[in-house]
Amino acid sequence: MLPADGGNLLLELGAGAGRNTPRYKGFKRIVLLDYSFTQLQLAQSRLGEGERYIYVAADVYRLPFVSGLFDFSTMIRTLHHIVDVPRALQQVRRVLGMEAGFILEYASKKHWKAILRYILGRQSWDPFTTGTVENVALNFNFHPKTIRRWLDANNFKIERQLTVSHFRSDFIKRFVPLQLLVGMDSLAQLSGNLWQFTPSVFVKAAATGSSPTPDGSAFFQCPACDFFPLARSNEYCLCPGCSHRWEIREGIYDFRLPTPEE
C-alpha cells in the first residue's frame, strides 16, 4: 500500500517504539510522533539519531506542524485509542499536502467472530450498527461504514482496503499449519474492497481538495496558538506569538505541555 518510490516526508502517527518505521525505506525523512515520551526514547535507541528521523511527542488533536507539510502519513494500531476520531482526522488532513497518501488501520466491530457471538447471544452489542464500541476503557472498535464516512467528511478519498486477520481463532490455529494460514490470509486480504468482516482493516486513502504549499521557512507551528515559524535553539522551540516554550529533550521535541519562558 506504500508508494513504490517513497516520498520526501512521512508522518508516522502513533509511532510508538518505531517497530514499523524500518518498513518506510523509500522516504527521505520520517517524523515519528507519539504521545509517549518513553516510547519515542525506545524508538530513538532502535533507529538512532540523525537527519532522517525526527522524534516528536505531541497530541494528535493539536499536531505541531504547519499545514500541507507532509506527502504521506500512516496511523497503524493507533485509532482504537482515539476518543474523537473526526477531530484527529481533521488534523491529519490539515498537515498533508495535495494528493498526499494516508494509510489508516482500525479495529472493526463488524467481524465474523463478533457476528457469531451476537447470533449465539454471547454478546450484547450489535456488530451491524454503526455506533462505536468501547470494549475496555479507551479501546474502541469502529464500523467500516463509519470510518468511510469520517474519511470522506475530512477530504480523504479511499483508494484501497485490505482486511487482515481472517483466521484469528485458536481453534483454527490448532488444526491448520501457520504457513498455510498466512498464505490464506494474504489471499483473503484482496477481498477488502468488496467486504470487511475481519477484526483489523487497512485503508489507503488520498488527500483531496486544496492544501497550502509550505514555503520552506517553517516546519513546526505552535500547538497552542498556531503561530509559525517558531524560534529554535538546541534546548527548546519558542513561540513568538504566545511566548510558550516547548522543550527539546534528548533529541526529542516535546509539544505536549509548554514550560514557562525564563
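Things to note:
- Considering helices alone, the calculated mean residue ellipticity of the chain at 222 nm is -6500 deg cm²/dmol, with DSSP H runs of length four and up weighted by -39500 (n - 2.57) and normalised per residue.
- Among 137, 231, 114, residue whose mean-square fluctuation peaks in a GNM of the chain (springs only between Cα atoms under 10 Å): 137
- Computed packing ranks the peptides 23-29, 94-100 as 94-100, 23-29, most packed first, by mean other Cβ atoms within 10 Å.
- Each of residue 233 and residue 139 was given a label point 7 Å from its Cα along the Cα-to-Cβ line. The distance between the two points is 4.4 nm.
- Förster-model FRET efficiency, 41 Å R0, residue 8 and residue 84, C-beta, rounded to 0.05: 0.90
- Descending semi-axes in whole angstrom, ellipsoid equivalent of the chain, from the Cα gyration tensor: 36, 19, 19
- Taking 4.7 Å between beta carbons as the limit, the unpaired Cys residues of the chain are 237.
- Distance (nanometres) between label positions extended 7 Å along Cα→Cβ at residue 119 and residue 23: 3.1
- Among 69-82, 39-52, 234-247, the order from most to least packed when residues are scored by Cβ within 10 Å on average: 69-82, 234-247, 39-52
- In this Cβ point-charge picture (+1 for Lys and Arg, -1 for Asp and Glu), the chain has a dipole of about 1200 debye about its Cα centre.
- Counting only alpha carbon atoms, the long axis of helix 178-189 and the longest principal axis of the chain meet at about 80°.
- Entries in 110/157; 113/157; 28/113; 28/145 that, when Cα-Cα distance is taken, lie over 31 Å: 28/113; 28/145
No lab work stands behind these numbers, since they all come straight from the coordinates. None of the values given here were measured: they were computed from a predicted structure. Backbone-built Cβ (ideal geometry, glycine too); neighbour counts: all protein chains shown.
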